[in-house]
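Report on the following structure.
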Amino acid sequence: MSNSNPSPKPTATHEVWILDSRRTPLDRPGGALGDLQPAALLAVLIDALQVRSAETGLPDPDGSIDTLVLGCASEGGVRANTLPAALARAGAPALAAASLIEGGSEAGAEALRLAVAALRGGEARLAMAGGLHLPARTHGHRGPSPDVLGALAALTVSPRTAADVATSLHAIDAQDLQVKLEAWRRAGPPDPQAVADGFIVPVRDLNGLCVLADDDIGGAAVAREANAPAGVSETRSAQHALARQAWPDLGDLALAHPAPLDPPPLQGAGLVLLGRADAARTFGLRPRARWVASAAAGHRTLHMVQAAVGAIDDALARAGWRRSQLDCLAVAGRFRGVPLALAKALGLDDSCLIDGPEGWWHGDAGALTPVLALERLLRHLERAGQRRGALVCPGETGACVVVLVERGDHA
């Protein structure tokens, strides 16, 4: 018996648009969000992003999302049934596919790429993708450090040392960088209401009581500073020696990213609503930007900037763009010397970087970081009247993901 409603096979790649995004308030590990299950955090976002009927205001069954992809930490803090539970809590119709991707910031970016692939391939009309980070539940399960010979062969160092290397190689003044970081830290986190109206969705418990409505991240950096080790450890010295194996003329490394200037660790969740152009028209959704192209590159930690440059050039080639046509660059990461190094490596002026206190304070949110950086990129394009931007996620676990977007208000 033939299927009465066969799915049409796509004859061409579908155009994909970024339609909307939402996140929970950001919290410190052990804060108010720590008592909630991951499904509860995701449910409020799924509910906020659902396509609703204009007549009833209820979720529209015809506008149900077909795919949900989530990036999250890899140490077992998120169970396999988290996504179905979140959908049930949000009252969302059944999905065709729900997937978890494990990892750090690159996992959130890969979740977006996987959702876009499903949309472009005709497997979905509407999709949600994003990241979840609950460091309080995932800390302390890292694998053993590589042995000395293995580290030498792979040139594997800590991400912090790699960021210091990138800063030194591209002649970025470490002292000026530390002055800037210190000013951002002392200024405190940005006002949530100034970040983006409607972007932050309050979190409520099963009784409907508000658990957290605004970001609560103020004191984490001070606590980290008090516990930061003083001086350069033997491990750091050994890693510097390893870096000089790759670049003999590197000399002494300036400590451009000391622990006291780390952004605070954050927990929370964020989702992006993506859709094909035909779905946006059908449901009257206003696209914010077109997903143009993406690329990924693997890297050893010492070569994260080179990997990012390669991924950007791959994505530009797919889009038919040149480097000079990029209006702005948003880099999702916690080490603030890396964006400066990347701009220099690309031959771009520092003014193209979307940088500032918000980027620093939101720079240690694991797989959630790309959602925060993407929203920052979209808002910058909208407010500055610019057209083309790039999101760069130099993951600390060996992968770099790049996304190119183009602002638009129609599908």
| Of the residues ALA307, ALA311, ALA330, ALA343, which single one is open to solvent by less than 20 Å² (accessible area, probe 1.4 Å), at pLDDT 95 or above, of a type in the set (A, V, I, L, M, F, W, C) and closer than 19 Å to THR397 by Cα? | ALA311
| query | Quick one: which of ASP355, ASP364, ASP349 is in contact with a Leu (Cβ under 7 Å, 6 or more places away or on another chain), open to solvent by 20 Å² or more (accessible area, probe 1.4 Å) and not β-branched (Val, Ile, Thr)? | reply | ASP364
| query | Of all the residues that make up region 140-190, how many are modelled with pLDDT of 90 or more, open to solvent by 30 Å² or more (accessible area, probe 1.4 Å), closer than 18 Å to ALA246 by Cα and not in a loop (DSSP other than H, G, I, E, B)? | reply | 2
| Looking at GLY268, GLY284, which one is modelled with pLDDT of 85 or more and outside any loop (DSSP other than H, G, I, E, B)? | GLY268
| remark: When restricted to ARG383, ARG322, the only residue touching a helix residue (DSSP H, G or I) at 6+ places or on another chain (Cβ under 8 Å), of a type outside the set (A, V, I, L, M, F, W, C) and open to solvent by 10 Å² or more (accessible area, probe 1.4 Å) is ARG322
| From the options ALA228, ALA243, residue that is in a helix (DSSP H, G or I), farther than 22 Å from ALA73 by Cβ and at pLDDT below 90 | ALA243
| task | Only residues that are assigned to a helix (DSSP H, G or I) and at positive phi: list them for region 85-118, please. | result | none
| Answer from ARG28, ARG89 - the residue that is touching a strand residue (DSSP E or B) at 6+ places or on another chain (Cβ under 8 Å), modelled with pLDDT of 75 or more, open to solvent by 10 Å² or more (accessible area, probe 1.4 Å) and of a type outside the set (Ser, Thr, Tyr) | ARG28
| Could you count how many residues in region 347-364 are touching a residue at least 12 places away in the same chain (Cβ under 8 Å) and under 15 Å from ALA171 (Cβ atoms)? | 1
| query | Within the bounds of region 60-77, is there any residue that is in a strand (DSSP E or B), at pLDDT below 85 and in contact with a strand residue (DSSP E or B) (Cβ under 7 Å, 6 or more places away or on another chain)? | reply | no
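The values are calculated or read from the model by the stated rules, or taken from the named source; none is laboratory data. Computed from a prediction, not measured in an experiment: that's the story for all the values here. Here Cβ is always computed from backbone atoms with ideal geometry, including for glycine, and neighbour counts include all displayed protein chains. SASA here: full protein model, heavy atoms, side chains in, ligands and nucleic acids out. Shrake-Rupley method; radii C 1.70, N 1.55, O 1.52, S 1.80 Å.
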